[in-house]
Structure formats: C-alpha cells, structure tokens
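Worksheet: one structure, shown below.
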Amino acid sequence: MVKHVVKFCPRCGGPMMPTRKDGEVFFKCSKCGYEVKAAKKDLEKYGMKYQVESSKRVVTAKATESKASGLTPEEREMLQEYYEIFLEEFAAEEGESGESD
C-alpha cells in the first residue's frame, strides 16, 4: 500500500501538486506557483491522472441486439385493439373539450 503524503510549499505553506512539464514531473504550489523538480522517491508516492477536456471527448454508443418482445400473435392483436379503442376515446374527449372552450 502506497502512502500518499502531501508536500507543502516552503515559501507560503500552500499544498504542492505534481505537474508534468517537458516530460519531467515537478511539484507546483497551488497558491504562489513555486516549482521544484520531483525526486524519484517522491514519484513513487504519487500517481498522476489526466482528465480530458470536454471539448476533446468523443461520444460513443454501444449497439446491442434488440430482444424479442415475447408476445404471442394473439397478445399483439389484443394490444392493437386496445390501442385503437384508446385513440378513438382520446379523440372523442379532445373534440368535447374543444367545443366547450
């Protein structure tokens, strides 16, 4: 298990964060900007992560096969009839509400 130790700036006491510049790792103060090159022993304690800017991200999608609905032909016919009845009643209600306005 690696123990993470925070380094503090010798000038202002602010926390120093690891940054990469010209292929080398430096610790940079988040308050005053003081930089010092990281020693090899310090690099073993820190792991660096990079976050991609949202403007450079690529949106991807995962395509999957659709699964069979599992309805029998009788069930499909019954649902079709219910749907038709619903549409007829809905249209009738819309007509009634349109007349009262």
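The values are calculated or read from the model by the stated rules, or taken from the named source; none is laboratory data. Note that the coordinates shown come from a computational prediction; the quantities given were computed from them, not determined experimentally. Here the Cβ positions follow ideal geometry from the backbone for every residue, glycine too, while neighbour counts run over all protein chains shown. Just the protein is used for accessible areas: all its heavy atoms, side chains included, with ligands, DNA and RNA removed. Shrake-Rupley method; radii C 1.70, N 1.55, O 1.52, S 1.80 Å.
Summary table below
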| quantity | calculated |
| --- | --- |
| In region 71-89, the residues that are open to solvent by less than 100 Å² (accessible area, probe 1.4 Å) and either part of a helix (DSSP H, G or I) or modelled with pLDDT under 85 (or both) | Leu71, Pro73, Glu75, Met78, Leu79, Gln80, Glu81, Glu84, Ile85, Leu87 |
| When residues of region 8-32 are limited to those that are without any contact (Cβ under 8 Å) to a residue 24 or more places away in the chain and of a type in the set (D, E, K, R), the one farthest from Gln51 (Cα to Cα) | Arg11 |
| Answer from Ala68, Ala92 - the residue that is open to solvent by less than 100 Å² (accessible area, probe 1.4 Å), modelled with pLDDT of 85 or more and either within 30 Å of Cys9 (Cα to Cα) or among the aliphatic types (A, V, I, L, M) (or both) | Ala92 |
| Residue among Lys56, Lys37, Lys41 that alone is closer than 30 Å to Met17 by Cβ, of a type in the set (Lys, Arg) and at pLDDT below 80 | Lys41 |
